[in-house]
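Note sheet for the following structure.
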Amino acid sequence: MNKSYYVTTPIYYVNDVPHIGHAYTTLACDALARFKRLDGYDVKFLTGTDEHGQKVEKSAEAAGMPPQGFTDRVSQNFRDLADFMDFTHDDFIRTTEARHFRACQDIWKRLKDAGDIYLGSYAGWYAVRDEAFYGEDELKTVDGKKIAPSGAEVDWVEEPSYFFRLSAWEDRLLAYYEANPDFILPSSRRNEVLSFVKGGLQDLSVSRTTFKWGVPVPDDDEHIMYVWLDALTNYITATGYPDTDSSDYQKFWPADLHMVGKDILRFHAVYWPAFLMAAGLEVPKRVYAHGWWTNEGQKISKSLGNVIDPIELVNKYGLDQVRYFMLREVPFGNDGDFSHRAMIGRANGELANDYGNLAQRVLSMVFKNCNAAMPDPGPFTADDNVMLSATYGLLNTARKHLDVQAFHEVLEAIWVVIRKANAYVDAQAPWKLKKEDPERMKTVLYVLSECVRNLALLTQPFMPEASSKLLDQLCVAEEARSFASFGPESALKGGFQLDKPEGVFPRLDVEE
Ligand code: MSP
């Protein structure tokens, strides 16, 4: 049986229009999913929409629509974005689906049967924007209003509520973090979670009675389930749970990676594992919290009117260019700034000049100087072997970095080889060899073509469109495009005819 890999994005609140933050999280998962598929894994890649709760109910009201009709409409925006971005998710879950109600109610019953849920009443602060409860000590007062650390306004809530005995899970959570040091990445975020849990956990209110838009609590439909308990459950719903015999559950649970933004780490790294442990279910292997984007140095917000629309971005710069920029510009895990200058700088400097030119120079010389046929090489020199082994070493380097979601490191390692290949072209000067030593020229062009083949295989998860065009130009068959074909065993065999090559990374016009 193939190795399996299950990666999830957060499910997006439908009240928002899709923006760069949503596209970023899903993009990172998409690159990982593509990489793992090429690397021989059976991959399940899940995304979807979070459709319940007070926030969505209020947005539906404001739109003058019943919540179901509203969510049907706006959920589609996220599906459209995913299609437009060419994301390769295997499933798109909506929390309003019947399969999800079943899973939520089943988890609830397990928690109840385990004695981890009890009825009480909640009196405290709630932020609808975050769908989160806050303690008095976490709030500050601004202009007479109580504000959560996230900046969201809070309201005082008093209502009967079921509670989850989170306080009882403190030690077991800490033991889990201890035994699984890579459960929360990056490690700076892990430390934050650890100190939060060590600070003491309070029981968590897990049902609401003052509005209706959600999954009813089994046997007490006065209550609907807290939207975060509902939302987190999506990850296991999509594996077929509560049918634990289903093939997807067997193959994919526990998930390998929940990718989330730093703002929602606590829900994923504290509440979710506690719910799962209490329900007697396995805990996911990793939660990775990435950073946030600012726009030209400014926090992105609707009120500032500087929200970045990923569709506009792609229409302006190209999909591969945007994918490359987002994964390369910022060390993954850190916050990052989007600027047009940086976007154009990378697209022109690294894609058009470094990578695009390398491929275009090499393939054009094969086309012009070798009668459009890939030459067979003569004996390799030491320089040739250095160049080839640097290229062949890349797959293992990429695997190592991707195992800790260091996308920027993978790309940097690839660019080290691209720069080396450009230096090799200059040093070998095949245009001079054309007259002086045509046989040696063929070997040099062969070495370079083989480098481009391997580079193009490896850049598929990051720049799928351009990589596939490069592989087309090198006449690499569809079935020879997985990482099983990376390396010397599948090296190019000379003799095939090339079409006139075309550049795959156009230079972007710099506008002021
Ligand atoms: N519905 C919850 C998640 C439930 S998962 C069980 C939610 N949704 S959200 O739509 O508000 O946010 C989804 C993701 O977008 C979060 O991971 C968040 O970090 C990310 N981003 C929102 N704005 C962002 C930026 N400006 N930059 C990067 N990511 C950002 O939270």
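The values are calculated or read from the model by the stated rules, or taken from the named source; none is laboratory data. Just so you know, these numbers come straight off a predicted model, no measurement behind them. Ideal geometry is used to build each Cβ from the backbone, glycine not excepted, and the neighbour counts take in all protein chains shown. Please note that ligands, DNA and RNA were not included when accessible areas were found on the heavy atoms of the full protein model with its side chains. Shrake-Rupley method; radii C 1.70, N 1.55, O 1.52, S 1.80 Å.
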Excluding residues on the same chain fewer than 8 positions from K36, give the lysines whose Cα lies under 20 Å from its Cα.
K3, K44, K251, K285, K400
Quote the Stokes-Einstein diffusion coefficient, in whole µm² s⁻¹, for segment 107-165, based on the Kirkwood radius over alpha carbon pairs, a temperature of 4 °C and a viscosity of 1.567 mPa s.
101
Which value in nm describes the separation of the simple spin-label points at T244 and L304, placed 7 Å from the Cα toward the beta carbon?
4.7
Rolling a 1.4 angstrom probe over the protein chains, ignoring ligands and nucleic acids, what is the accessible area of D354 in square angstrom, nearest 10?
40
Using only Cα atoms, find the angle between the long axis of helix 407-428 and the longest principal axis of the chain, and express it within 0 to 90 degrees, rounded to the nearest 10.
10
Taking 490-496, 67-73 and ranking on average Cβ neighbours within 10 Å, highest first, one gets 67-73, 490-496
Equivalent ellipsoid semi-axes - Cα gyration tensor, segment 228-363, angstrom:
37, 21, 13
Counting Lys and Arg as +1 and Asp and Glu as -1, what is the net charge of the other residues whose Cβ lies under 13 Å from the Cβ of L492?
0
When Lys and Arg each count +1 and Asp and Glu each count -1, what net charge do the other residues less than 13 Å away from L139, Cβ to Cβ, add up to?
-3
Return a whole-number percent for the relative contact order of the chain, with Cα pairs under 8 Å and 6 or more residues apart as the contact set.
15
Report, to the nearest whole %, how much of the accessible area of the chain belongs to carbon and sulfur atoms, 1.4 Å probe, protein only.
48
Accessible solvent surface per residue of the chain, calculated while the other protein chains remain in place, 1.4 angstrom probe, Å²
42
The orientation-averaged projected area of the Cα convex hull of segment 340-490, in nm², is 9.3
Once you charge only the Cβ atoms, +1 for Lys and Arg and -1 for Asp and Glu, what is the size of the charge dipole of the chain about its Cα centre, to the nearest 20 debye?
1400
Grab the Cα-Cα distance for T381 and D221, subtract it from 0.36 nm times how many residues apart they are, and report the gain in nm with one decimal.
49.9 nm
Using only protein heavy atoms and a 1.4 Å probe, report how much of W213 is accessible, in Å² to the nearest 10.
40
Rounded to the nearest 10, the angle in degrees between the Cα long axis of helix 98-113 and the longest principal axis of the Cα atoms of the chain comes to 60
As I understand it, the dipole of segment 340-490 uses +1 on the Cβ of Lys and Arg and -1 on the Cβ of Asp and Glu, about the Cα centre. Which of V366, A484, A347 lies farthest toward its positive end?
A347
Beta bridge orientation in segment 1-142: antiparallel %, DSSP, nearest 5:
20
List the lysines whose Cα lies under 23 Å from the Cα of K302, skipping any in the same chain that are fewer than 8 positions away.
K55, K58, K140, K145, K146, K262, K316
Radius, Kirkwood style, for the chain when every pair of distinct Cα atoms is counted (Å)
25.1
How large is the Rg to Rh ratio of segment 18-119 when both quantities use alpha carbon positions and Rh follows Kirkwood?
1.06
Cα→Cβ-extended label distance, 7 Å offset, between K493 and E312, nm
5.2
Positive dipole terminus of segment 340-490, leading residue within V425, N454, G378 (C-beta point charges):
V425
What figure, in Å² to the nearest 10, do you get for the accessible area of S167 with a 1.4 Å probe and non-protein molecules left out?
50
Diffusion coefficient in µm²/s returned for segment 57-188 by Stokes-Einstein, Kirkwood Rh over C-alpha pairs, 25 °C and 0.890 mPa s, is 129
If each K or R counts +1 and each D or E counts -1, the residues other than H290 whose Cβ falls under 11 Å of its Cβ total 0
